[in-house]
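Notes to accompany the following structure.
The values are calculated or read from the model by the stated rules, or taken from the named source; none is laboratory data. All values derive from a computational prediction rather than experimental measurement. Using ideal geometry, Cβ is built from the backbone for each residue, glycine included, and neighbour counts are taken over all protein chains shown. With ligands, DNA and RNA removed, areas are computed over all heavy atoms of the protein, side chains included. Shrake-Rupley method; radii C 1.70, N 1.55, O 1.52, S 1.80 Å.
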Amino acid sequence: MLGEPASGILPAWPVQRIFAPLLGSTSAALHETWLTDLPVQAGRSEGIGWRRADGVLYGTIELNEADFPGASGCSSLQAASAEAYRRIFRLLDEQGMPHLWRVWNYLANINLETGGLERYRQFNIGRQDAFLECHRGATGNVPAACAIGLIGGSLNIAFMAGATPAVPVENPRQVSAYNYPADYGPRSPTFSRAVLVHPEGQETLFVSGTASIVGHQTVHPGDVAGQTRESMANIGAVVGEAARLCRSPAFALGELSYRVYVRHARDFHKVRDTLKPLIGDAEVVYLQADICRHDLLLEIEAFASHALEN
């Protein structure tokens, strides 16, 4: 969910509250809700609020970094990130939903350097530590994800998991994130460029946060229109790869639902005008937020679902 309910009363189901300015919207808040007509179970486990239906589980967790002082060589963010993912994996094992499909990570001051290391890189260390400790691989079949910077607040993670494995989708234009060279930190980011997952009777494509990166390098620095076009070229390449792997008819750019994170509010109109001819009348939400590299001006994520005939 984006923003906060106008009434201030949260619904009973797990809610990820993101406090970031909505750009180009007359609404004070926007709500994204996943619905099912199947029976639902709910619970709380180690600070995770969760709900599950047949074969699918969605949950949220917030941790205050101040509660994790860390140790020598380990920052509070690194410790909190590792603990959040350990708790997520314990829950998934307990619930018989071992496959992590999609993760939304939000953290404060993502580009700030503390203790000689950027906070996004600290987060990557903690996340990968948990993957390895909990016997999940850190390459190959890893979830789709985003990691976005907010002005402040707790480490805030939402996730979707299932009883069946996701089908990872990579981008032929990019080095897989989990194979990035050490230039980008002591540990590579642990996510796939996209995944295909199969809730009951459906096929869903989750496209991870996607930016203006070719190979492993940022391109079009300082050019927000160029970065917008390059980001969409990457999403187009991922959608093309997904077409080879999907069970349903191929997904199209115009049917995806997009969330666009724009670093500088002043760039909103230029980003929107650049995107319009590329995606037509597709659903788009714009937010002001920081991106995982200081030279990236925007990041785009997307998803769509198809019904399966059988």
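Quick notes on this structure:
- Summed over the stretch 32-45, residues that are open to solvent by 60 Å² or more (accessible area, probe 1.4 Å), in contact with a strand residue (DSSP E or B) (Cβ under 8 Å, 6 or more places away or on another chain) and either among the hydroxyl-bearing types (Ser, Thr, Tyr) or not in a loop (DSSP other than H, G, I, E, B) (or both) total 4.
- Residue check for residue 243: out of contact with any helix residue (DSSP H, G or I) (no Cβ under 9 Å at 6 or more places or on another chain), without any contact (Cβ under 8 Å) to a residue 24 or more places away in the chain and of a type outside the set (Phe, Trp, Tyr): yes
- A single entry from 58, 106, 85 fulfils the requirement of being modelled with pLDDT of 95 or more, open to solvent by 20 Å² or more (accessible area, probe 1.4 Å) and within 26 Å of residue 193 (Cα to Cα): 58.
- Single residue of the stretch 69-78 satisfying the filter (open to solvent by 20 Å² or more (accessible area, probe 1.4 Å) and closer than 16 Å to residue 124 by Cβ) that is nearest to the chain's Cα centre (by Cα): 78
- Candidate set from the stretch 3-16 (those that are open to solvent by less than 80 Å² (accessible area, probe 1.4 Å) and either touching a strand residue (DSSP E or B) at 6+ places or on another chain (Cβ under 8 Å) or in a strand (DSSP E or B) (or both)); member that is modelled with the lowest pLDDT: 3
- Residue satisfying condition, being assigned to a strand (DSSP E or B) and open to solvent by 10 Å² or more (accessible area, probe 1.4 Å), within set 229, 272, 259, 247: 259
- Condition met for residue 307 (in contact with a strand residue (DSSP E or B) (Cβ under 9 Å, 6 or more places away or on another chain) and open to solvent by less than 10 Å² (accessible area, probe 1.4 Å)): no
- Applying the criterion of being in a loop (DSSP other than H, G, I, E, B) and open to solvent by less than 60 Å² (accessible area, probe 1.4 Å) to the residues of the stretch 17-31, the residue that is nearest to residue 63 (Cα to Cα) is 20.
- Residue in the stretch 129-138 that is open to solvent by less than 10 Å² (accessible area, probe 1.4 Å), at negative phi and part of a loop (DSSP other than H, G, I, E, B) present: no
- Every pair of residues 6+ apart whose Cβ atoms lie under 6 Å, when the first sits in the stretch 208-221 and is without any contact (Cβ under 8 Å) to a residue 60 or more places away in the chain while the second is part of a loop (DSSP other than H, G, I, E, B) and open to solvent by 10 Å² or more (accessible area, probe 1.4 Å): 214/173; 215/175; 216/175; 216/180
- Filtering the stretch 224-240 to residues that are charged (D, E, K, R) and in contact (Cβ under 8 Å) with a residue 40 or more places away in the chain leaves only 229.
- Residues of the stretch 181-201 that turn out to be surrounded by 14 or more Cβ atoms within 10 Å (Cβ to Cβ) and outside any loop (DSSP other than H, G, I, E, B), as a count: 6
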